[in-house]
Amino acid sequence: MNASLIYFLRLTPIQRGSAIVPRASRSAQYAIAGPKNKKVRLPAWRLGGQSMIPSLVYALCAVTSIVCATLLLRSSQKLAMPLLFWSGASFAALAIGNVLLFVDLAVVKDRDLLLLQNCITLAGISMLLYGLIWETK
Amino acid sequence: MSNVLTQYIGGAVILGYLLIALFFLKFSRQTRDPFFRRFAHAFAIFALGRVGESVIRNAHASMPTVFLFRLIAHLIIIYAIVKKNRHAIGQDQR
């Protein structure tokens, strides 16, 4: 297994509560990377020795969920279908959850927002379930 | 306490995703519309991703690739909506 793959799939211990800590320290990366703590040349997509891919994945999750919510809410305005409205509202909640995920794991790393994320996601799912159960003919 | 509550709500979220996937599967069987089938697939992938996230979290590890499930599910939903809108516009023009 080459060094980049080890970086990408690495498993690191968690230091704060139950939240996922996305990055190992730089020294830990070097320790994983090769024998005798040999320095390795980092690829261009690593700024400051840390992978940008996790942050990119979290950001893309947030962006795509916002796009989903926008498309569904716009369609619900045009077609006046209650299920579309509830789907849009649900995806708006999921989008807030995904933005919180990005903030939690990529921006603010010293606070655990997982409980808040899960509560908001559950609220979104409940809205969609309400729409599916009561607003479909 | 907070950790237990987080896991409890996480389980409820997984169950909710699976329930929604089943609803959309039922609609896709009734209407034979691929729009609902894509939604069912997306929500099943959401549930799968959530299970993966819980497993990784309980193993006290970090593996950001598990969030790709969410990303793929969102992309499927965007594709389904865009495809449905194009299909509707195509039918209007005929």
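Could you calculate the FRET efficiency of residue A:123 with residue B:31 from 1/(1 + (r/R0)^6), where r is the beta carbon distance between them and R0 is 25 Å, rounded to 0.05?
Working: r = 28 Å, r/R0 = 1.12.
So the FRET efficiency works out to roughly 0.35.
For segment A:43-129, take N as its residue count and report Rg(C-alpha) divided by 2.2 N^0.38 Å.
1.29
Given just the C-alpha atoms of chain B, how large is their convex hull per residue in cubic angstrom? Working shown, then result.
Details: hull volume 8.2 nm³, N = 94.
Enclosed volume per residue, from the Cα hull, is 87 Å³.
Which whole number gives the average count of other chain Cβ atoms within 10 Å of the Cβ atoms across peptide A:112-123? Present the calculation step by step, with values, prior to reporting the outcome.
Numbers: counts 3, 0, 8, 7, 1, 4, 10, 4, 0, 8, 5, 0.
Averaged over the peptide's residues, the number is 4.
List the aspartates and glutamates whose Cα lies under 15 Å from the Cα of residue B:83, skipping any in the same chain that are fewer than 8 positions away.
Hits, sequence-local ones excluded: B:33, B:92.
Here, each number is a calculation from the coordinates, and none is a lab measurement. What you see is a predicted model, and the numbers here were worked out from it, not measured in a lab. As a convention, Cβ positions derive from the backbone with ideal geometry for all residues, glycine included, and neighbour counts pool all protein chains shown.
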